Number of protein chains: 2
Amino acid sequence: MDGLRYEVRPVGRVASPLTDLADAPRQGDEGAPEAWLVFEPEMALAVQDLVVAEQVIILTWLDRAQRDVLITHPRNDHSRPAVGVFSTRSPDRPNPIGLHRTQIVAIDGLRVRVSGLEAIDGTPVLDIKPVLDPVGER
Amino acid sequence: MDGLRYEVRPVGRVASPLTDLADAPRQGDEGAPEAWLVFEPEMALAVQDLVVAEQVIILTWLDRAQRDVLITHPRNDHSRPAVGVFSTRSPDRPNPIGLHRTQIVAIDGLRVRVSGLEAIDGTPVLDIKPVLDPVGER
């Protein structure tokens with residue numbers, strides 16, 4: 001590495017009935033429950049224009065992941081050959097940033113409820129971005 | 001904030017003919033050029049299974065962004081009302097992580113060439129992930 005480091009600061013946390021990694025689905029569309037994103041009070045202005053039904057991408061920091069893993073068995077299936085982590089969605093990777101496409105289903109001030117989210121309770125939230133519309137509708 | 005911080009470590013850099021922010025398109029499908037991702041040597045195992053033609057998502061650290069911006073005018077158009085940054089794709093946001101959907105067009109060892117990338121030359125690369133196929137094809 002070239003030695004540069006950058007610091008990410010959680011803007012909120014996931015509040016979810018998923019509390020155990022072993023129970024978490026591997027992807028959000030594999031039976032993950034709805035969850036709340038609970039934003040920090042100083043994020044009020046950044047959050048204020050989110051709207052129900054919007055498709056969004058959530059970035060999380062997967063704080064239970066192992067950062068020194070470079071190859072892994074896809075979906076933890078040891079009958080499949082190990083492959084480089086950049087060819088997988090494994091949480092174990094050098095920068096364990098979770099990427100979750102989901103939909104806003106409710107908003108209550110600093111709390112934003114989203115559809116199928118496979119991140120467990122307490123996972124730090126780094127960012128939320130709109131899904132981009134086609135060029136011309138932006 | 002709750003005070004927790006996490007450290008991201010670049011796994012590579014963007015090498016691009018785009019050297020000036022003023023020339024960068026706002027999104028990758030708005031005329032952005034091909035670019036190389038130049039990975040660090042210690043990432044060789046993580047990179048080894050990437051393949052040409054694969055659709056991938058690249059995460060970058062937008063190191064020129066302003067992190068204290070909470071509201072912004074969409075597409076820097078001051079005739080449009082300012083909105084919370086979480087409703088925009090502005091690089092200026094608390095954690096300036098760039099999200100780029102692109103396609104691998106060539107691979108040369110630790111150098112991976114991708115289609116339309118709006119990040120400027122030198123931008124730190126944090127991660128590369130495959131675009132997920134529908135459930136059942138994973």
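Laboratory data are not the source of any read-out in this text; all were calculated from the coordinates shown. Predicted, not measured: the structure shown is a model, and the values here were computed from it. Quick reminder, even Gly has a Cβ in these numbers, built from the backbone with ideal geometry, and neighbours come from all protein chains shown.
Below are the figures for this structure:
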{"quantity": "Simple Cβ-charge dipole of chain A, Lys/Arg +1 and Asp/Glu -1, about Cα centre, in debye nearest 20", "calculated": "320"}
{"quantity": "Radius 15 Å from Cβ of B:A44, net charge of other residues (Lys, Arg +1; Asp, Glu -1)", "calculated": "-3"}
{"quantity": "Inter-centroid distance (Cα atoms) of the range B:1-78 relative to the range A:24-53, Å", "calculated": "23"}
{"quantity": "Segment B:H73-B:V51, length gained on full extension (0.36 nm per residue, minus Cα span)", "calculated": "4.1 nm"}
{"quantity": "Under 13 Å, Cβ to Cβ, from A:P96 - net charge with Lys/Arg +1 and Asp/Glu -1", "calculated": "+1"}
{"quantity": "At 7 Å out from Cα toward Cβ: A:P74 inter-copy label distances (nm, ascending)", "calculated": "3.8"}
{"quantity": "Span from the the range A:79-97 Cα centroid across to the the range A:110-130 one, whole angstrom", "calculated": "22"}
{"quantity": "Cα coordinate range in the range B:46-124, projected on the principal axes (Å, largest first)", "calculated": "45, 20, 19"}
{"quantity": "Distance between modelled label sites at B:V38 and B:Q66, nm, 7 Å Cα→Cβ extension", "calculated": "3.1"}
{"quantity": "Contact order relative to length of chain B, as percent, for alpha carbon pairs under 8 angstrom and 6 or more apart", "calculated": "39"}
{"quantity": "Rg to Rh quotient for the range A:14-84, alpha carbon positions, Kirkwood Rh", "calculated": "1.05"}
{"quantity": "All-pairs Cα distance distribution in chain A, expressed in whole percent, bin size 5 Å", "calculated": "2, 10, 17, 21, 18, 14, 10, 6, 2, 0"}
{"quantity": "Shape box of the protein assembly as shown [Cα atoms, principal axes, largest first, Å]", "calculated": "47, 47, 35"}
{"quantity": "Simple Cβ-charge dipole of the protein assembly as shown, Lys/Arg +1 and Asp/Glu -1, about Cα centre, in debye nearest 20", "calculated": "60"}
